[in-house]
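Notes to accompany the following structure.
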């Protein structure tokens, strides 16, 4: 076991920890500080929303935690492991095994059926066919789409597609599910239903959810809301909703 | 089917119009290459057959060193025995002996006093066995006036008038026609003078003006007697059942004739200029093929680049959820390869139809093509394995290589950036 891991083994119930996280972009040569030093901790089983105005750095912050972007400074630790020390291959495996993604635009593979989309990650993980099928059918039942397994995403509504995306994100049982504005393309009823379903899954499975959102429906259903403003967390506006 | 193969296969049907265009581009490259190869093989095959059947034969046997420095003294002794052994070799269709030497021919001007020979020309005298020559080559088909030499035994007294065939241009120079007589002056292998009167029995038109200006033909028996070469010849020409047998049969005959101090060569060696000319033409054709493939490759590159650009977000998602870059490369190369495979199948069907038409009807050359000293009036294509496997390899390799560039580009998609743009 390496020193980093040993030192951080105490953070067992902390799913993700960021320390002094910074990200500076260069837009046409002009430096833009999207994230300006965030210390943040997410513990197991949380259902947390990150809110903030456009350009506040929500997506950049989520990307940094997901290992999709590299920080200019600071570090991200997932279950005791620093992701900044990981090679490209390790990072790829890390995302595959520990993080589930839900995107604003669903981003399902249009040529794969619902079942194939959901089992994609399990195929990458090398899970056997029988188990894949069982897990897909089980999660489809939980997102109430068990009759849609053979359909292509184009034959589903936006809400249904996002539920498939939720199923895809959860089926491999990751430590953390990151959702970047998951309801941005949905109407309010569908958004409410989706969030209710996700919260139910969170309660049932204990899986950790982290959202970025503008949507009040999401905010109302989050157990914890943190505000991001100008690339910094506004601790004064952190709230716990029971 | 693996996940990546499944994705690659289904992605092909996403943008049907673009897929069809890409496949058509590759199919076009395949068909053009295939037809060009068939045309080249057919034309050159026809030329080689024409060239070897007409005169040279496909394989020649000489005394060692004769090809580089021909001499009347460098003969094949006991040639009948050598010839019989050659004939016993597998895939040898026929053989024929020949004698070559030089002579001065002189003819009389009409109504000139006896003994006055005003027209004369130097010529190459070829002694042929009329029966064996007809079995081996189509020499007799080249006699345009008169008839072939008869295989009568030579007159040992050499007093009787012999038969001679003249090349068309030589007959014009000597101002003689069928039935006229002329005198042949030369020197025999024993150093004695060799002269004899001949009656022109036929005019030969090989299609090679140079050859017809300097060649005359007498019977083997006459030639052996006149030039004191009894039982000896300078050359054995050999014909095989097929051009594809030539190299192998040459080797087998060589093994037999080498110990006898004889050398055996295929047409590529003794007709070096003709062969080199063909090689040069083949090189031009290869450049043309490379251009055809390059144009098709550019089309493929363009469409695959477009596809990669359109699917950037999807590649970003794939990477985000843990797909390795090499799997993305594999998927795109596989997509291009599948399209390449479809093009090969489609191209093979179209090429077969085109090649069948071109091999049946050919193309009339107007004006005729002069090549290797001969005139060709028609060219036809032939259907060979090369018409399929060469374009198939070119298309598949090109599709894979060309798709590698966009594939690597796709594999390096920045997941965060690509998903930021909706």
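The values are calculated or read from the model by the stated rules, or taken from the named source; none is laboratory data. Please read these numbers as outputs of a predicted model, since none were measured by experiment. As a convention, Cβ positions derive from the backbone with ideal geometry for all residues, glycine included, and neighbour counts pool all protein chains shown.
Comparison of A:134, A:116 shows that the only residue that is more than 16 Å from the chain's Cα centre (by Cα), facing another protein chain (nearest Cβ under 10 Å) and assigned to a helix (DSSP H, G or I) is A:116. Each residue in the stretch B:351-361 was checked for being touching a residue at least 40 places away in the same chain (Cβ under 8 Å) and surrounded by fewer than 17 Cβ atoms within 10 Å (Cβ to Cβ), and 1 of them qualify. Cβ-Cβ contacts under 9 Å between residues 6 or more apart (or on different chains), taken from a first residue in the stretch A:91-109 that is within 25 Å of residue A:157 (Cα to Cα) and within 8 Å of another protein chain (Cβ to nearest Cβ) to a second residue that is surrounded by fewer than 20 Cβ atoms within 10 Å (Cβ to Cβ) and at pLDDT 90 or above, are listed as A:109/B:10.
Within the stretch B:376-419, if we keep just the residues that are touching a helix residue (DSSP H, G or I) at 6+ places or on another chain (Cβ under 9 Å), away from chain A (no Cβ under 14 Å) and outside any helix (DSSP H, G or I), the residue that is surrounded by the fewest Cβ atoms within 10 Å (Cβ to Cβ) turns out to be B:378.
Once the stretch A:93-113 is narrowed to residues that are within 19 Å of the chain's Cα centre (by Cα) and part of a loop (DSSP other than H, G, I, E, B), the residue that is nearest to residue A:160 (Cα to Cα) is A:106. Would it be correct to say that residue A:123 is part of a helix (DSSP H, G or I), surrounded by fewer than 21 Cβ atoms within 10 Å (Cβ to Cβ) and more than 8 Å from chain B (Cβ to nearest Cβ)? So residue A:123 fails the test.
Counting only strands (runs of 3 or more DSSP E) that fall entirely inside the stretch A:139-242 and contain at least 3 residues that are in contact with a helix residue (DSSP H, G or I) (Cβ under 9 Å, 6 or more places away or on another chain), the qualifying elements are A:176-180, A:208-213. Whether any residue in the stretch A:84-97 is surrounded by fewer than 20 Cβ atoms within 10 Å (Cβ to Cβ) and within 17 Å of residue A:180 (Cβ to Cβ) is what I want to check. No, the stretch A:84-97 has no match at all. Looking across B:28, B:38, B:46, one residue alone is under 21 Å from residue B:384 (Cα atoms), in contact with a strand residue (DSSP E or B) (Cβ under 8 Å, 6 or more places away or on another chain) and either surrounded by 22 or more Cβ atoms within 10 Å (Cβ to Cβ) or more than 14 Å from every other protein chain (Cβ to nearest Cβ) (or both). It is B:46.
This table checks each residue for (1) over 22 Å from residue B:297 (Cβ atoms); (2) within 30 Å of the chain's Cα centre (by Cα); (3) assigned to a helix (DSSP H, G or I); (4) away from chain A (no Cβ under 13 Å).
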| residue | (1), (2), (3), (4) |
| --- | --- |
| B:319 | yes, no, yes, no |
| B:329 | no, no, yes, yes |
| B:350 | no, yes, yes, yes |
| B:358 | yes, yes, yes, yes |
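For the stretch A:65-77, the criterion of being away from every other protein chain (no Cβ under 13 Å), over 24 Å from residue A:195 (Cβ atoms), under 18 Å from the mean Cα position of the chain (by Cα) and crowded, with 17+ Cβ neighbours inside 10 Å is met by at least one residue.
When the residues of the stretch A:181-219 are filtered to those that are within 12 Å of the chain's Cα centre (by Cα) and surrounded by fewer than 24 Cβ atoms within 10 Å (Cβ to Cβ), the one that is farthest from residue A:13 (Cα to Cα) is A:181. One residue alone among B:273, B:252 is surrounded by fewer than 20 Cβ atoms within 10 Å (Cβ to Cβ), more than 20 Å from residue B:25 (Cα to Cα) and at pLDDT below 85, and that residue is B:273.
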